[in-house]
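Everything below concerns the one structure shown next.
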Amino acid sequence: MLTIPTLSLRDYEPIIGPDAIDEIRVLASRIGKRRFQNVNSTSVGGGVAEILTRMIPLLQDVGIDATWDLIKGDQAFFNVTKAFHNALHGKPEVITPEMLDIYRHTTELNLRDFNFTGDTILIHDPQPAGLILRRSNAGRHWIWRCHIDISAPYPGVWEFLLPYVSRYDAAIFSMPDFSRPLDIPQFMVAPSIDPLADKNKELPDSFIHSTLEKYGLDPERPIITQISRFDRLKDPLGVVAAYKLVRRRFPCQLILAGGGAPDDPEGEQVYQEVLRESGGDPDIHIINLPPFSDLEINALVRGSTVILQKSIREGFGLTVSEALWKRKPVIGGAVGGIRLQVVNNITGFLVHSPEGAARRITQLLADPALCRTLGENGYLHVKQNFLLTRHLKDYLLVMLALDHPGQDIVYLD
Ligand code: UDP
């Protein structure tokens, strides 16, 4: 059972202003009562679940009948789709005919009892992409929403998915670089964070301090933090390597905090690798977080000096906007959607190696004023571009655009 909070667009007015709120309401009123069904493969862990948890209730508040359903899959299926995920991000993966059969078989099983209720159906990522096979007898508009950087996929998986994707009415990618040659319309919609969520809201200093204490951190010494699932593409070992270089000059501490996701079977293995690599250093804090640790994640980020997102491949990396919103300077791998959020030298630094990350961490630890400037810029950048309300507006625009095929301009009056 999915737990969806209740949200009200009105509550965002102090952040985005009355005009932006009115604009959203006007767009929503043009769409009218619409069943907008979202489908993905997990309700917890990872950015897609994070966004849907907040997007669905906000859509409902503006009068859209938004729903969220999950496909089912066993361990074998999620092993296959994790390999798909890695390969689409460009990581070499062996994809066997048997794996493709597992994908087809699980798709068939889901199709057997899946209830398609939407007028507009938004299918997130490759796991449920095959549901499009049912398009002849359900739904008005089918949209495939890709959260992955598929600009340079490792051969095999994209070719397999293409016949499915081509049957959709449209595809949505997180940034222009991710688009692929397709015969269907493509929309660019960046992901977003919710400033009012527990993950992002303001916290009392006392809670931040008690959270640091709980995990044995010293608030008097700098803290470098990466919040991520334990996934090789997030490069946790590169983070440890960077920390070890910095540690030679600064008595700092490292937090690597993250949990798993039910659709990511590699987490435990990577977690063990990171534990081994940290070699018992008491200033490395590897924190395995249970789901719904939002307040603690918020506090750990707010209590940190510098945030890392040293991914070697990335879809968007919500953790970057989450940190920038808290006015933290971010050092990010120069990949995927991190490049939208970390504007080099303005909101943080983009890096290509553990050595590069170490150099930038050292620079920031030595210059608190620079940390403040980058953090302030980051906050404004997120406010302008990566809040849930902008994302909501983009989804409404996509629905309107699909209601008016072939029209470059849609008049609202
Ligand atoms: N996250 C979390 N708990 C964890 C690790 C991550 O709640 O243990 C959240 C994180 O704060 C962010 C999302 O999960 O909101 C991860 O999204 P992102 O786009 O950064 O990466 P993904 O996991 O989707 O690749």
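Scanning for something of a type in the set (S, T, Y) and closer than 21 Å to V301 by Cα, does the range 384-397 turn up at least one residue?
In the first step, residues of the range 384-397 are kept if they are of a type in the set (S, T, Y); the result is 389, 395.
Now restrict to residues that are closer than 21 Å to V301 by Cα: none.
No, there is no match, as no residue in the range 384-397 is of a type in the set (S, T, Y) and closer than 21 Å to V301 by Cα.
Here's the yes/no breakdown for (1) touching a Phe, Trp or Tyr at 6+ places or on another chain (Cβ under 8 Å); (2) at pLDDT 95 or above; (3) within 16 Å of the ligand (Cβ to nearest atom):
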{"residue": "R145", "(1), (2), (3)": "no, yes, yes"}
{"residue": "E159", "(1), (2), (3)": "no, yes, no"}
{"residue": "S192", "(1), (2), (3)": "yes, yes, yes"}
{"residue": "T211", "(1), (2), (3)": "no, yes, yes"}
{"residue": "Y215", "(1), (2), (3)": "no, yes, yes"}
{"residue": "I227", "(1), (2), (3)": "no, yes, yes"}
Taking the stated definitions as given, is P282 near the ligand (Cβ under 10 Å from one of its atoms), surrounded by fewer than 19 Cβ atoms within 10 Å (Cβ to Cβ) and not in a strand (DSSP E or B)?
no
List pairs: first in the range 309-320 and within 13 Å of G378 (Cβ to Cβ), second β-branched (V, I, T) and within 6 Å of the ligand (Cβ to nearest atom), Cβ under 6 Å, 6+ apart or cross-chain?
Q309/T319; T319/I227
Which condition from (1) within 24 Å of D198 (Cβ to Cβ); (2) within 10 Å of the ligand (Cβ to nearest atom); (3) outside any helix (DSSP H, G or I) is the one that R313 breaks?
(1)
Selection within the range 393-413 - among the hydrophobic types (A, V, I, L, M, F, W, C), in a helix (DSSP H, G or I) and closer than 14 Å to I24 by Cβ:
L396, L397, V398, M399, L400
Could you please give the count of residues in the range 90-118 that are closer than 18 Å to A129 by Cα, buried (at least 17 other Cβ atoms within 10 Å of the Cβ) and either in contact with a strand residue (DSSP E or B) (Cβ under 9 Å, 6 or more places away or on another chain) or of a type outside the set (F, W, Y) (or both)?
9
When the range 293-309 is checked residue by residue, the ones that are more than 8 Å from the ligand (Cβ to nearest atom) and not acidic (D, E) are L295, N298, A299, L300, V301, R302, G303, S304, T305, V306, I307, L308
Identify the residue in the range 39-74 that is hydroxyl-bearing (S, T, Y) and touching a helix residue (DSSP H, G or I) at 6+ places or on another chain (Cβ under 6 Å) and, among all such residues, is surrounded by the most Cβ atoms within 10 Å (Cβ to Cβ).
T42
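I'm trying to understand the selection: among the residues of the range 257-271, which are farther than 9 Å from F230 by Cβ and either more than 10 Å from the ligand (Cβ to nearest atom) or at pLDDT below 90 (or both)?
Of everything in the range 257-271, those that are farther than 9 Å from F230 by Cβ and either more than 10 Å from the ligand (Cβ to nearest atom) or at pLDDT below 90 (or both) turn out to be A261, P262, D263, P265.
The values are calculated or read from the model by the stated rules, or taken from the named source; none is laboratory data. What you see is a predicted model; the values in this text were computed from it and never measured. Here Cβ is always computed from backbone atoms with ideal geometry, including for glycine, and neighbour counts include all displayed protein chains.
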